[in-house]
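Chemist: Once you've had a glance at the structure underneath, I'll fire off some questions.
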Amino acid sequence: MSFDGKIILVVAAHPDDEILGCGGTTARIVNEGGVAYTLILGEGITSRDEKRNRSKREKNILDLQKTAEKANKKLGVKKIYFGDFPDNRFDSCALLDIVKKVEEIKEKVKPGIIFTHYAKDCNIDHRVTYEAVVTATRPMQNETVKEVYAFEVLSSTEWGFPLSYSPNVFFDVTKTIDQKVKALTEYKTEMRDYPHPRSTKAVKKNAETWGFKMGLKYAEAFVCIRCQH
């Protein structure tokens, strides 16, 4: 597949999901002449606060957004957009509001490909994000999005039960896995020490596992939700 001239949009629930899910593929697409945009729908981090102190909350969100910008820049992402939906509370929002945010950014960047969350992750925000993307990209006349892929997010997808993630599309990220890892190191508040699945070592091992299953050194795995060629 040639990515030259392709426009992609990564729609993620939280800062770091976009790198964990498809950071290697995003970097590869940009390196091969494509253009990448990111939309992060949620505030991130605020659900960890014992009390919702407004000034602290706003500072934490701003700091995390700056971190996200640095991380995405390492992948070559042209622009990152942010929503303000409450962390781990997407189910408290009207789905239509989230759909409209996805549609708003989709109309601005006019992507041909969207990468987003898997429908059965254990994280509620991931599941709602998936629903919003599928709704916002209905295959109607003049719809620019022809391909939708669902990615896994370590520490969420594999923690869902029963396990159902069965990828059918694999992108070779042998040349960009190190870019992905470097981008993740920007997320100091989100990453953990090995053997936690949200560690750089685990991320690289996971890509290695998908890789050898496909005869590659490193790969990222996706479920094709919609592919129109």
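The values are calculated or read from the model by the stated rules, or taken from the named source; none is laboratory data. It should be emphasised that the depicted structure is a prediction, and the values quoted were computed from it without experimental measurement. All Cβ positions, even for glycine, are placed from backbone atoms using ideal geometry, and neighbour counts span all protein chains on display. Ligands, DNA and RNA are stripped out before the accessible areas are found, and what is left, the full protein with its side chains, is counted by its heavy atoms. Shrake-Rupley method; radii C 1.70, N 1.55, O 1.52, S 1.80 Å.
Chemist: Any idea which of (1) part of a loop (DSSP other than H, G, I, E, B); (2) surrounded by fewer than 17 Cβ atoms within 10 Å (Cβ to Cβ) is the one P111 doesn't satisfy?
Modeler: (2)
Chemist: Turning to a different aspect of this structure: Going through the stretch 12-28 one residue at a time, which ones are open to solvent by 10 Å² or more (accessible area, probe 1.4 Å) and under 20 Å from H126 (Cα atoms)?
Modeler: Listed by number, the residues that qualify are H14, L20.
Chemist: If K205 passes every condition in (1) open to solvent by less than 70 Å² (accessible area, probe 1.4 Å); (2) farther than 13 Å from E152 by Cα; (3) in a helix (DSSP H, G or I) but one, which one does it miss?
Modeler: (1)
Chemist: Is it true that some residue in the stretch 29-40 is surrounded by 16 or more Cβ atoms within 10 Å (Cβ to Cβ), at pLDDT 95 or above, of a type in the set (S, T, N, Q) and assigned to a helix (DSSP H, G or I)?
Modeler: no
Chemist: Here's a follow-up. Please list, ordered by first then second residue, the pairs with beta carbon atoms under 6 Å, 6 or more apart or interchain, first in the stretch 195-220 and of a type in the set (V, I, T), second modelled with pLDDT of 95 or more.
Modeler: The qualifying pairs are T200/V181; T200/L184.
Chemist: Output the residue which, of all residues in the stretch 129-143 that are in contact (Cβ under 8 Å) with a residue 40 or more places away in the chain and open to solvent by 10 Å² or more (accessible area, probe 1.4 Å), is farthest from P86 (Cα to Cα).
Modeler: This residue is P139.
Chemist: Please verify whether F151 is aromatic (F, W, Y), more than 20 Å from K74 (Cβ to Cβ), surrounded by 17 or more Cβ atoms within 10 Å (Cβ to Cβ) and modelled with pLDDT of 95 or more, treating the condition exactly as stated.
Modeler: no
Chemist: Further, regarding this structure: Assess whether D97 counts as being modelled with pLDDT of 95 or more, surrounded by fewer than 24 Cβ atoms within 10 Å (Cβ to Cβ) and among the acidic types (D, E).
Modeler: yes
Chemist: For the stretch 166-185, what are the residues that are open to solvent by less than 40 Å² (accessible area, probe 1.4 Å) and either in a loop (DSSP other than H, G, I, E, B) or at pLDDT below 95 (or both)?
Modeler: P167, V173, T176
Chemist: Here's another thing I want to ask about it. For V99, indicate whether it is part of a helix (DSSP H, G or I) and touching a Phe, Trp or Tyr at 6+ places or on another chain (Cβ under 6 Å).
Modeler: Spelling it out, it is not the case that V99 is part of a helix (DSSP H, G or I) and touching a Phe, Trp or Tyr at 6+ places or on another chain (Cβ under 6 Å).
Chemist: Something else: Is it the case that T157 is in contact (Cβ under 8 Å) with a residue 24 or more places away in the chain, part of a loop (DSSP other than H, G, I, E, B) and buried (at least 22 other Cβ atoms within 10 Å of the Cβ)?
Modeler: yes
Chemist: Report, by residue number, each residue of the stretch 218-229 that is surrounded by 14 or more Cβ atoms within 10 Å (Cβ to Cβ) and either hydroxyl-bearing (S, T, Y) or in a loop (DSSP other than H, G, I, E, B) (or both).
Modeler: Y218
Chemist: Follow-up question, since we're still on this one. Quick check: anything in the stretch 51-70 at pLDDT below 95 and either within 27 Å of T144 (Cα to Cα) or buried (at least 24 other Cβ atoms within 10 Å of the Cβ) (or both)?
Modeler: Within the stretch 51-70, not a single residue is at pLDDT below 95 and either within 27 Å of T144 (Cα to Cα) or buried (at least 24 other Cβ atoms within 10 Å of the Cβ) (or both).
Chemist: Looking at the structure I just gave you, is K74 in contact with a helix residue (DSSP H, G or I) (Cβ under 9 Å, 6 or more places away or on another chain), open to solvent by 30 Å² or more (accessible area, probe 1.4 Å) and free of Cβ contacts under 8 Å to residues at least 60 places away in the same chain?
Modeler: When the stated conditions are applied, K74 does not pass them.
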